[in-house]
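Please read the structure below before turning to the comments.
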Amino acid sequence: ERRLAELRPVTIDTLSPIPVERQIGANAPTWLDRRIIHEKTQPLASHGFGQDVYQAMVRRQQWLIDQKLMERDGHEVIYRTDILDQLRRRELRHLGQKLSAEIGLPYAETLKGERVEGIFRRSIEGAGGRYAVVEKSLEVTLVPWRRDLERQIGRPVSGIDRGGDTIDWTIGRGRGGPAL
């Protein structure tokens with residue numbers, strides 16, 4: 001006789017593309033940061049992986065303090081309100097420099113509210129997530145990636161950076177292209 005649990009498929013969520021140990025010193029927004037910042041998250045087990053995550057969070061918190069993104073006030077730790085944006089900008093600058101050296105075009109940072117227009121070339125994975133490589137006429141930029149973009153490699157895209165992980169995409173030339 002099969003038990004009911006054997007009939008249900010198991011769902012596994014990937015919380016981060018990089019191991020917890022590598023997130024400790026990552027110059028990018030990480031899953032550990034989100035656990036540290038959001039107080040109302042699922043509790044961790046006191047052993048095994050839960051214990052490993054707790055220890056990594058303590059080490060990550062100290063790294064963030066050393067980077068001046070958090071500060072200790074007695075027993076309380078206070079983080080900058082823009083901590084994830086600061087980490088994302090650091091990662092984008094680093095990835096942008098590497099990309100620039102690879103393809104020979106300068107990297108241009110995109111600012112909140114700015115329109116991004118160019119050819120979607122590919123996506124790249126960073127410690128903080130995946131980014132779309134958009135080649136403009138004289139430069140290249142990195143912006144938040146969405147799965148829908150993968151079908152658009154080599155095609156013109158445009159969008160408005162809404163800040164953080166959000167960009168409103170339009171595919172094709174001009175305002176008449178389909179929105180993603």
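For the pair S46 and D66, a Förster radius of 45 Å applied to the C-beta separation gives a FRET efficiency near 0.95, rounded to the nearest 0.05. Accessible area per residue for the stretch 3-114 is 70 Å², calculated with a 1.4 Å probe on protein heavy atoms, without ligands, DNA or RNA. Remark: accessible surface ordering of S100, S137 (largest first) is S137, S100, probe radius 1.4 Å. For R162 and I18, the difference between the fully extended length at 0.36 nm per residue and the C-alpha to C-alpha distance is 49.2 nm. The R147 and V10 beta-carbon pair, evaluated with R₀ = 25 Å, returns a calculated FRET efficiency of approximately 0.65.
Could you tell me the center-to-center distance, by alpha carbons, between the stretch 6-37 and the stretch 51-108 in angstrom? Answer, in whole Å: 16. In the chain, the ratio of gyration radius to Kirkwood radius, Rg to Rh, stands at 1.06 when only Cα atoms are counted. When Y131, Y107, Y54, Y79 are compared by accessible area at a 1.4 angstrom probe, the order from most to least is Y54, Y79, Y107, Y131. Measuring with a 1.4 angstrom probe and ignoring ligands and nucleic acids, L138 comes out at about 130 Å² accessible.
At the residue level, D165 shows approximately 100 square angstrom of accessible surface with a 1.4 angstrom probe and all protein chains present. Computed with every protein chain present, the accessible area of T14 is close to 120 Å² [probe 1.4 Å]. The share of accessible area on the stretch 58-130 that comes from carbon and sulfur is 46 percent, using a 1.4 angstrom probe. Accessible surface ranking for K98, K112, 1.4 angstrom probe, highest first: K112, K98. Between the helical axis of 83-103 and the longest alpha-carbon principal axis of the chain there is an angle of about 50 degrees. Spacing of the modelled spin labels on Y79 and L138, each 7 Å from Cα toward Cβ, amounts to 3.9 nm. Site pair R122 and H94 shows an inter-label distance of 2.0 nm when each label is modelled 7 Å from Cα along Cα→Cβ.
Under a Gaussian network description of the chain, with springs only between Cα atoms under 10 Å, the residue in E76, E150, E125 that fluctuates furthest is E76. Model label sites at E102 and H38, defined 7 Å from Cα along the beta-carbon direction, differ in position by 2.9 nm.
The values are calculated or read from the model by the stated rules, or taken from the named source; none is laboratory data. Quantities reported herein were computed from a predicted structural model and do not represent experimental measurements. Note: ideal-geometry Cβ built from the backbone for every residue, glycine included; neighbour counts use all protein chains shown. Surface areas here come from the heavy atoms of the whole protein model, side chains and all, with no ligands, DNA or RNA. Shrake-Rupley method; radii C 1.70, N 1.55, O 1.52, S 1.80 Å.
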